[in-house]
């Protein structure tokens, strides 16, 4: 969402409202159901709330930044992940399900992102990065890259990533701030805080 002056707004109320509605529904179901069914419902409700807030966040960021692609790269185990959400300017830029180059993303990089590292690459062709990283970004049609960590209570949960695929881009402080706010909104969501 954009404020009247064009700034990015991340509303935790959307996910919160969804979680409240699902909780009310769960309470009404709990009077009719067994505990096993209630646990299944609770898990589905939490997943749905998480999915909605993540998709809303990547959609809002893509619109605000006016980029070709914003994705969430989720770590399903230590330093192994995949793109689980994306918002695109064109379906041609889809990388849904892509995994990263495991030999490039290691404990050293993970430690930097766990410490809050933000990485803004203006042009992947001239940036001083490892060859495997450059080749990986090329394979995804990336020309400019902005990466911020999503840090929850357990540590590095994922990476929020914006890609310009057609042109280079000098990332502005407001671009970086919007991405950081998006990552913070995700990390503070009850459905993500402890996952």
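Nothing in this text is a laboratory measurement; each read-out follows from the coordinates by a stated rule. These figures come from a predicted structure and were not determined experimentally.
Here are the numbers for this structure:
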| read-out | value |
| --- | --- |
| Relative contact order (%) - criterion: Cα under 8 Å, at least six apart; region: region 114-195 | 31 percent |
| Kirkwood hydrodynamic radius over Cα pairs of region 61-188, then Stokes diffusion coefficient at 4 °C and 1.567 mPa s, in µm²/s | 89 µm²/s |
